Amino acid sequence: MQKTSELIWQDAQHQVLFEILDDIRKPDSGTAVIQRLLEYTQTHFTLEERYMELVNFPGREVHIRAHDHFRDEIEKLLMHDQQYDALFMGVISTYLTEWLKRHVLGIDKDLEAFILASSVK
């Protein structure tokens, strides 16, 4: 069996997150897509956080704080049941996409390496 150098589940879930962020940029996207982003983010982060616990990941607290920051940013957008114009949605999409890119290519890669080196996949 060939050893993988990436976590397929993590990469697949990241792709879905980026697709939802692209949807936010589309004309006439509304808060429903932001709600979908929040729900999928919760699913993804919960799984990552469970893995961090299972493998006793040493960077767990910092990683969870980063997740909490992203959750908070999304929740703020949903707090006031407000409709946003296309320009604002584009700005939000760009901001959250850039945050997610830095997260995925930074501390998520550290987590991935730690999980791949562990006996838990």
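Each reported figure results from applying straightforward, stated rules to the coordinates on display, with no laboratory input. Here the structure is a predicted model, which is why all the values come from computation and not from measurement. Cβ coordinates were reconstructed from backbone atoms using ideal geometry, including for glycine residues, and neighbour counts include every protein chain displayed.
Looking at the range 32-53, which of its residues are over 15 Å from Gln13 (Cβ atoms) and loosely packed, with under 12 Cβ neighbours inside 10 Å? If you could, list the steps in order and put the result at the bottom.
First pass over the range 32-53, keeping only residues over 15 Å from Gln13 (Cβ atoms): 32-35, 53.
Result: Ala32, Glu53.
Looking at the range 63-121 only, could you name the residues that are β-branched (Val, Ile, Thr) and under 19 Å from the mean Cα position of the chain (by Cα)?
Here is the first cut: in the range 63-121, the residues β-branched (Val, Ile, Thr) are 64, 74, 91-92, 94, 97, 104, 107, 115, 120.
Listed by number, the residues that qualify are Ile64, Ile74, Val91, Ile92, Thr94, Thr97, Val104, Ile107, Ile115.
Conditions: (1) closer than 28 Å to Val120 by Cα; (2) loosely packed, with under 11 Cβ neighbours inside 10 Å; (3) touching a helix residue (DSSP H, G or I) at 6+ places or on another chain (Cβ under 8 Å). Ile8 meets all but one. Number of the miss?
Failed condition: (3).
Please tell me if Leu111 is assigned to a helix (DSSP H, G or I), in contact with a His (Cβ under 8 Å, 6 or more places away or on another chain) and within 15 Å of Glu49 (Cα to Cα).
Values: assigned to a helix (DSSP H, G or I): yes; in contact with a His (Cβ under 8 Å, 6 or more places away or on another chain): yes; within 15 Å of Glu49 (Cα to Cα): yes.
Yes: the conditions hold for Leu111.
Tell me which residues, restricted to the range 68-111, are more than 21 Å from Gln35 (Cβ to Cβ), exposed (fewer than 14 other Cβ atoms within 10 Å of the Cβ) and of a type in the set (A, V, I, L, M, F, W, C).
Correct list: Leu105 only.
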